[in-house]
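**Q** Dumping the structure here so I can ask a few things about it.
The values are calculated or read from the model by the stated rules, or taken from the named source; none is laboratory data. Predicted model only: the values in this text are computed from it and were never measured. No Cβ is skipped: glycine too gets one built from the backbone with ideal geometry, and neighbour counts run over all protein chains shown.
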Amino acid sequence: MPIARLDDIGLAYEEAGSGFPLVWIHEFGGSQESWEQQVHFFARRYRVITYNARGYPPSDVPQDPDAYSEDHAVQDLHGLLRHLGIDSAYIGGLSMGGTTALHFGMKHPEMAKGLIVAPAGTGATDPVRFRAQCEALADKIERGGTAALREYATGPTRVRLQRKDPTGWQEFADLLTSHSPLGSALTMRGVQARRRPILEYGEELRRMQIPTLIMAGDEDEPCIEPAIFLKRHLSHAGLVMFPQSGHAINLEEPDLFNRAVLDFLTAIEAGKWAPREEGSGAGFLAERDP
């Protein structure tokens, strides 16, 4: 697996297919392997790039807690694209990765042709409680290693994956517990616990003009309100809600996920992904001239 040597970090990445670049960014509980079903599907049309974030071997695992933050995640993605000679790409991610995609669009709009923001924003409605939970989980990982993450894999937003696809869930859980304990704890503490809630980004989001696909599962309760918030504040956004689905919708419903994303990308390329009409949210009945 190639390693991109950036300024202060080495990132492991993989490429498949050819065409316009499409990047997938994994969640806290995943890694680049989490995108296998998307790589198989989209590599037929696109140059698909997946990578492991810092803290996820074989990418480097810095020991300094200050080396982990949302800003570092965005800088790493920017550096990887520059390393690969990419000036513009579709940027997609799930959960922690979806937030990275969103922030990348805010900071580098000229490099993002479109954004796919799959369930993101956990903790936004109660950030104090969320930070406490993140710190507690980081403490557990430091004491008990990644075996402590088994509880994370059986949480309420993961139960649908376990019911729908027991084998897929087992692969997810096994991959999760194979991660670096140090990298997982520092990522939980530095990226997750310290991030600013999505619900505080209204002004920044209103300025964005990038085509964006927002995706969420209707049983992923922590991400439903953030998804609606993003839809209301992003003028070039569409929202897809997956029925009876939890957090890892790319694993739970890969066919629906891939089709929704493909339709989104096709609409952009055909010039058909339109901004929201003025006054479209003003009321139940449209006012018309007599």
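**Q** Looking at Y46, Y68, Y56, which one is of a type outside the set (V, I, T) and more than 30 Å from E142 (Cβ to Cβ)?
**A** Y46
Yes/no per residue for (1) at pLDDT below 95; (2) closer than 30 Å to A274 by Cβ:
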position: A147; (1), (2): yes, no
position: E151; (1), (2): yes, no
position: G155; (1), (2): yes, no
position: L176; (1), (2): yes, no
position: L186; (1), (2): no, no
position: R232; (1), (2): no, yes
position: H236; (1), (2): no, yes
position: V240; (1), (2): no, yes
position: S245; (1), (2): no, yes
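**Q** I would also like to ask the following. Would you say G238 is crowded, with 18+ Cβ neighbours inside 10 Å, part of a strand (DSSP E or B), touching a Leu at 6+ places or on another chain (Cβ under 9 Å) and of a type outside the set (A, V, I, L, M)?
**A** Here the answer is yes, as G238 does meet what is asked.
**Q** I'd like the full set of residues that are of a type in the set (S, T, N, Q) and in a helix (DSSP H, G or I), limited to the stretch 241-265.
**A** Listed by number, the residues that qualify are N250, N258.
**Q** What's the number of the only condition in (1) within 20 Å of the chain's Cα centre (by Cα); (2) crowded, with 16+ Cβ neighbours inside 10 Å that P181 fails to meet?
**A** (1)
**Q** May I pose another question? Please indicate, with yes or no, whether at least one residue in the stretch 16-25 is touching a Ser or Thr at 6+ places or on another chain (Cβ under 7 Å) and of a type in the set (V, I, T).
**A** Within the stretch 16-25, one or more residues are touching a Ser or Thr at 6+ places or on another chain (Cβ under 7 Å) and of a type in the set (V, I, T).
**Q** Right, another one. Just checking, how many residues over the stretch 216-229 are farther than 10 Å from P119 by Cα and under 14 Å from the mean Cα position of the chain (by Cα)?
**A** The qualifying residues number 0.
**Q** Which residues, counting only those in the stretch 77-114, are farther than 23 Å from A260 by Cα and in contact with a strand residue (DSSP E or B) (Cβ under 6 Å, 6 or more places away or on another chain)?
**A** Passing the criteria: L80, H83, I86.
**Q** Here is a follow-up. Can you tell me which condition D174 does not meet? The list is (1) touching a Ser or Thr at 6+ places or on another chain (Cβ under 7 Å); (2) closer than 24 Å to Q32 by Cβ; (3) surrounded by fewer than 23 Cβ atoms within 10 Å (Cβ to Cβ), and all the others hold.
**A** D174 satisfies all of (1) touching a Ser or Thr at 6+ places or on another chain (Cβ under 7 Å); (2) closer than 24 Å to Q32 by Cβ; (3) surrounded by fewer than 23 Cβ atoms within 10 Å (Cβ to Cβ) except (1).
**Q** Scan the stretch 16-54 for residues that are surrounded by fewer than 17 Cβ atoms within 10 Å (Cβ to Cβ) and within 18 Å of the chain's Cα centre (by Cα) and jot them down.
**A** The answer is E33, E36, Q37.
**Q** I need the full set of residues from the stretch 237-247 which are over 11 Å from D220 (Cβ atoms) and in contact with a strand residue (DSSP E or B) (Cβ under 6 Å, 6 or more places away or on another chain), in order please.
**A** A237, G238, L239, V240
**Q** Is it true that some residue in the stretch 73-88 is surrounded by 20 or more Cβ atoms within 10 Å (Cβ to Cβ) and among the charged types (D, E, K, R)?
**A** Within the stretch 73-88, one or more residues are surrounded by 20 or more Cβ atoms within 10 Å (Cβ to Cβ) and among the charged types (D, E, K, R).
**Q** Evaluate the following for P57: is it surrounded by fewer than 17 Cβ atoms within 10 Å (Cβ to Cβ) and within 26 Å of E252 (Cα to Cα)?
**A** Criteria met by P57.
**Q** Same structure again: Just one of the numbered conditions (1) surrounded by fewer than 19 Cβ atoms within 10 Å (Cβ to Cβ); (2) over 22 Å from E36 (Cα atoms) is not true of D165; which one?
**A** Here D165 meets the rest and fails (2).
**Q** Could I ask something else about it? Just to check your reading of the model, which residue among A193, A120, A124 is closer than 30 Å to L265 by Cα, in contact with a Phe, Trp or Tyr (Cβ under 8 Å, 6 or more places away or on another chain), of a type outside the set (K, R) and buried (at least 17 other Cβ atoms within 10 Å of the Cβ)?
**A** On the way: A193 fails: closer than 30 Å to L265 by Cα; A120 fails: in contact with a Phe, Trp or Tyr (Cβ under 8 Å, 6 or more places away or on another chain).
None of the other options fit; the residue is A124.
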